[in-house]
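K.L.:
Just passing along the structure, written as structure tokens.
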Amino acid sequence: MLVGRYSAFLDANVLHPAFLRGLVLWFADARLLRPVWSKHVLEEWRRSVKRRHSDIDDDRLDRLQSLFTGHFPDAEVFGYEPFIDAVELPDEHDRHVLAAAIVGRCNGIVTANLKDFPEDVTGVFGIEVVHPDDFIVNIIDLDENKAVAACKRHREAMSISQPDIETYLQFFERCGLIQARQRLLAHRELI
């Protein structure tokens, strides 16, 4: 994985929850990765948010989506739809992810659903499938200074919850980012 050159297709389960989305996008802002998503993933993200937060209306979701898609205008991949039926995966509803990652020339797919993307299928296309925790640990290990600085900016941007450092690190655990939290413990004074 090359820092800043790694094209990461972000599955909907990375865009939701908000903490994980924010963290990954702050890493992208620091040029530690190139984020990639598709229309299908954004639609899936919206359904997930609405399912878990019925109080969020479409206008609010539109504003939120335009915030992060506007910041990364080149992140959305187009023209993958004809290839969806050409890929085989255990869950046919995930085929759009692999098709978009192929067309988007991604190095990897970041997802919590590892079992849905078997290596014998994705590897043929040169695409690795990485759990968000492993992905974030890799980013931290490759450029610790930039990653810690991005975490600090992420924490400071959390204007609603305004977490102190300990609370911020607890968010990692809540999102299943156990290894990443462990890596950052040694740098808590910089976050």
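The values are calculated or read from the model by the stated rules, or taken from the named source; none is laboratory data. Everything numeric here is computed off the predicted structure, so don't read it as measured data. Note: ideal-geometry Cβ built from the backbone for every residue, glycine included; neighbour counts use all protein chains shown.
K.L.:
Is there a residue being within 30 Å of E81 (Cα to Cα), at pLDDT 95 or above, touching a Phe, Trp or Tyr at 6+ places or on another chain (Cβ under 9 Å) and among the hydrophobic types (A, V, I, L, M, F, W, C) anywhere in segment 151-172?
P.N.:
no
K.L.:
Among the residues of segment 117-140, are any surrounded by fewer than 15 Cβ atoms within 10 Å (Cβ to Cβ) and farther than 25 Å from D94 by Cα?
P.N.:
Checked against the condition, which is being surrounded by fewer than 15 Cβ atoms within 10 Å (Cβ to Cβ) and farther than 25 Å from D94 by Cα, segment 117-140 yields no hits at all.
K.L.:
Still on this structure: Any chance segment 51-65 includes a residue that's among the β-branched types (V, I, T) and closer than 22 Å to D116 by Cα? First the steps, then the outcome.
P.N.:
Going residue by residue through segment 51-65, those that are among the β-branched types (V, I, T) are 56.
Subset that is closer than 22 Å to D116 by Cα: none.
Within segment 51-65 (the criterion being among the β-branched types (V, I, T) and closer than 22 Å to D116 by Cα), the answer is no, since none of the residues qualifies.
K.L.:
From the list L114, L142, which residue is farther than 15 Å from G22 by Cα, out of contact with any Phe, Trp or Tyr (no Cβ under 6 Å at 6 or more places or on another chain) and at pLDDT below 95?
P.N.:
On the way: L114 fails: at pLDDT below 95.
It is L142.
K.L.:
I've got another one for you. Determine which member of the set D120, D164, D134, D116 is touching a residue at least 40 places away in the same chain (Cβ under 8 Å) and among the charged types (D, E, K, R). Steps first, please.
P.N.:
Numbers: D120 fails: touching a residue at least 40 places away in the same chain (Cβ under 8 Å); D164 fails: touching a residue at least 40 places away in the same chain (Cβ under 8 Å); D116 fails: touching a residue at least 40 places away in the same chain (Cβ under 8 Å).
It is D134.
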